[in-house]
Amino acid sequence: MTTVADIAKAMEIIAPLGTQMDWDNSGLLIGDPGREVRRILVALDATVEIIGEAEALGAEMIVTHHPIIFHPVKRLLAGTPPYEAAARGIAVYSAHTCYDMAEGGVNTALADALGLKDRQHLWEEKPGERGSRRLGLAGELPCAMTREELAAWVEEALGLPGNYVRWLAGAGPETIHRVAVCGGAGADFLGNAKALGCEAYITGDVRHHEYLEAAGMGLLLMDAGHFATEDIAMPGLRRQLAALLPEVEILADPTRRPDGR
């Protein structure tokens, strides 16, 4: 019998909790560790809609990237994801920044999708008691691209509609060879991308002043959306869980859709 606790142990192998950022809230957030699990639904978020899908599919557990509980909870009301998961007896494990850090995690999937070669970590903390902590990747594109070609390449790689990726007109060089990527919201690492010789940086949730800051560095900053730059990793997470838990059925989120940024 495979239990919720067994799933948590498997997730610790995939994305050790010790590597999460200090402000994060990853791990087993809802559920009975001793409950048997036959099916797991993997999704970026545990929304009420996803929880309903899990119940309909007979999944006893959901594994997500974004924590279902992030800030301290002062009330637990019907219609909210934590209440609905608990009320329906569905356990939830969330691997947030620890899966961003993981080899084979969010940023690996994003770099793989774009075909980046000769990779370096965008940010790295010296190993300590927590182990190695690394975020983002930088690497060479399969071939040189114009700004427009790079935007189209990102849209195709992430399954996005045309003209979805945003950037500041005229920013960065006309031809791009080397890019950095960071899933989610990674504009804090503009300086790191520039220091690694990148001409472009692809992330999500970019604000106006960040476009201007990047342009001032001679760097092309592209916003491909928070959802798309992280959801690309969910198929890989399913494969990782399936390899460690062959007796458990690992299900995909049937409601995948771009979030409109």
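The values are calculated or read from the model by the stated rules, or taken from the named source; none is laboratory data. Keep in mind it's a predicted model, so treat the numbers as computed, not measured. FYI the Cβ positions are ideal-geometry reconstructions off the backbone, even for glycines, and counts take in every protein chain you see. Note: accessible area is taken over every heavy atom of the protein model, side chains too, but ligands, DNA and RNA are not part of it. Shrake-Rupley method; radii C 1.70, N 1.55, O 1.52, S 1.80 Å.
Would you say residue 261 is modelled with pLDDT under 95 and not β-branched (Val, Ile, Thr)?
yes
Yes or no: residue 24 among the charged types (D, E, K, R), farther than 30 Å from residue 176 by Cα, part of a loop (DSSP other than H, G, I, E, B) and in contact (Cβ under 8 Å) with a residue 60 or more places away in the chain?
Yes.
Pairs please, first residue from segment 168-180 and open to solvent by 60 Å² or more (accessible area, probe 1.4 Å), second anywhere and outside any loop (DSSP other than H, G, I, E, B) and polar (S, T, N, Q), Cβ atoms under 7 Å, 6+ apart in sequence or on different chains.
If the second residue must be outside any loop (DSSP other than H, G, I, E, B) and polar (S, T, N, Q), the pairs left are 174/146; 175/146.
Which one is nearest to residue 70 (Cα to Cα), of the residues in segment 1-33 that are small (Gly, Ala, Ser) and open to solvent by less than 30 Å² (accessible area, probe 1.4 Å)?
Only one residue tops the list, namely 26.
Looking at (1) part of a loop (DSSP other than H, G, I, E, B); (2) open to solvent by less than 70 Å² (accessible area, probe 1.4 Å); (3) closer than 16 Å to residue 9 by Cα, find the lone condition where residue 66 falls short.
Looking at each condition in turn, residue 66 falls short on (3).
What residue, of 104, 115, is open to solvent by 20 Å² or more (accessible area, probe 1.4 Å), of a type in the set (Gly, Ala, Ser) and touching a Gly at 6+ places or on another chain (Cβ under 8 Å)?
104
Have a look at 250, 202 and point out the one that is assigned to a strand (DSSP E or B), among the hydrophobic types (A, V, I, L, M, F, W, C) and under 30 Å from residue 55 (Cβ atoms).
Only one candidate qualifies: 250.
If the Cβ limit is 6 Å and pairs must be 6+ apart or interchain, which residue in segment 91-116 that is over 22 Å from residue 5 (Cα atoms) and modelled with pLDDT of 95 or more pairs with which residue that is of a type in the set (Asp, Glu) and open to solvent by less than 10 Å² (accessible area, probe 1.4 Å)?
Cβ pairs passing all conditions: 106/230.
Which residues, counting only those in segment 117-127, are in contact (Cβ under 8 Å) with a residue 60 or more places away in the chain and more than 17 Å from the chain's Cα centre (by Cα)?
Across segment 117-127, the qualifying residue is only 120.
Filter segment 185-200 down to the residues that are out of contact with any strand residue (DSSP E or B) (no Cβ under 7 Å at 6 or more places or on another chain) and touching a residue at least 12 places away in the same chain (Cβ under 8 Å), then identify the one that is most open to solvent (accessible area, probe 1.4 Å).
194
Would segment 156-173 turn up any residue that is in a strand (DSSP E or B) and touching a strand residue (DSSP E or B) at 6+ places or on another chain (Cβ under 8 Å)?
yes
Take the residues in segment 230-253 that are open to solvent by 50 Å² or more (accessible area, probe 1.4 Å) and in contact (Cβ under 8 Å) with a residue 40 or more places away in the chain, then tell me which one is farthest from residue 2 (Cα to Cα).
Taking the candidates together, the pick is 238.
Quick check on segment 34-63: of everything there that is assigned to a loop (DSSP other than H, G, I, E, B), in contact (Cβ under 8 Å) with a residue 24 or more places away in the chain and open to solvent by less than 40 Å² (accessible area, probe 1.4 Å), which residue is nearest to residue 3 (Cα to Cα)?
37
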